[in-house]
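Taking it in order: structure first as structure tokens, then the write-up.
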Amino acid sequence: MYDALTSTFALPCPHRGKARLPLSSFRALDRLPGPTRPAVFSVVFACSCGGVHPGLVTHDELDVAPLGIGASGTFRNLMTAHDDSVEAELSNLAASHIRAGEWPWSFFCCLEARPRPFTPSAIALIAPEEGRFGVAVRCPACSRISVNLVSREHVDIPFWNDRHVAVLDQVFDDTSLQTVDALHAELASCRVDDRTMHLEL
């Protein structure tokens, strides 16, 4: 379902059969009650057909597959003239980034006033906003929701973290920010501060 080489998810489209979309095309994510292994998330996504559709993704597809773990196929290594595993190459690259103190995704937690690492399963809402994306993230440390304005690359590409992000000067709970329209309204009404993203793990 997730292609680590193109950073896209394959999701069902009622008009075209299947659509390949980046994470920034998601609009809402909600973990479904039930088993935790695998945990399953209900998503709403803006499809390339122009519609907005529901879908399901697993925890592994959201948080693990973007790091290349489980990727299938091989590639021709021009240095060795051998066919190497895509999974081994991408997962080793991800591990080297993490060992160097770089996290695949980060956001600025307004309550804690500091950058925090997160995984895509912590995202509640994503709203496009004048060339950037408003991302509502549930902090894994304090469990409150902060909203950051970031680039498309910050959302879609693991280990691409914007050096500066805009942060809404407000903290939200699960009941106060439930729809993309509510997120757009908050982006229009709240004060936004620029923050530097220097993440120390």
Expected max-MSF residue from Leu56, Leu29, Leu125 in the GNM of the chain (alpha carbon, under 10 Å) is Leu56
Length-normalised contact order of region 106-196, Cα under 8 Å, at least 6 apart, in percent, tallies to 26 percent
Expected max-MSF residue from His53, His15, His164 in the GNM of the chain (alpha carbon, under 10 Å) is His15
Expressed as a percent, the portion of alpha-carbon pairs in region 57-201 spaced more than 20 Å apart is 51 percent
For the pair Val192 and Lys18, the simple spin-label estimate (label points 7 Å beyond Cα toward Cβ) gives in nm 3.7 nm
Those trypsin sites (Lys or Arg not before Pro) from region 1-82 that are DSSP loop and have at most 16 other Cβ neighbours within 10 Å turn out to be Arg16
With Cα coordinates, the longest principal axis of the chain makes an angle with the long axis of helix 86-99, in degrees rounded to 10, of 50 degrees
When the chain is treated as a Gaussian network with springs between alpha carbons less than 10 Å apart, the largest mean-square fluctuation among Ala65, Ala166, Ala113 is found at Ala113
Taking Cα atoms only, helix 180-189 is inclined relative to the longest principal axis of the chain by an angle, in degrees rounded to 10, of 60 degrees
Contact order relative to length for the chain, counting C-alpha pairs under 8 Å separated by 6 or more residues, stands in percent at 16 percent
Taking a label point 7 Å from the Cα of Cys49 along Cα-to-Cβ, the residues of region 1-20 whose backbone nitrogen sits under 17 Å from it are 9-20
Per the C-alpha gyration tensor (a ≥ b ≥ c, the square roots of its eigenvalues), region 1-72 is rounded if a/c is under 1.5, else prolate if a/b beats b/c, else oblate; here it's oblate
Cβ density ranking, 10 Å radius, fewest first, applied to Phe75, Phe172 yields Phe75, Phe172
From DSSP H assignment alone, runs of 4+ in the chain each adding -39500 (n - 2.57), the sum over residues rounded to the nearest 500 puts [θ] at 222 nm at -4000 deg cm²/dmol
Here the relative contact order (percent) of region 1-97, from C-alpha pairs under 8 Å and at least 6 apart, is 20 percent
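Every read-out reported here was derived from the displayed coordinates using simple, explicitly stated rules and does not represent laboratory data. Everything quoted here is computed from the prediction, not taken from an experiment. We place every Cβ from the backbone using ideal geometry, glycine too, and count neighbours over all the protein chains shown.
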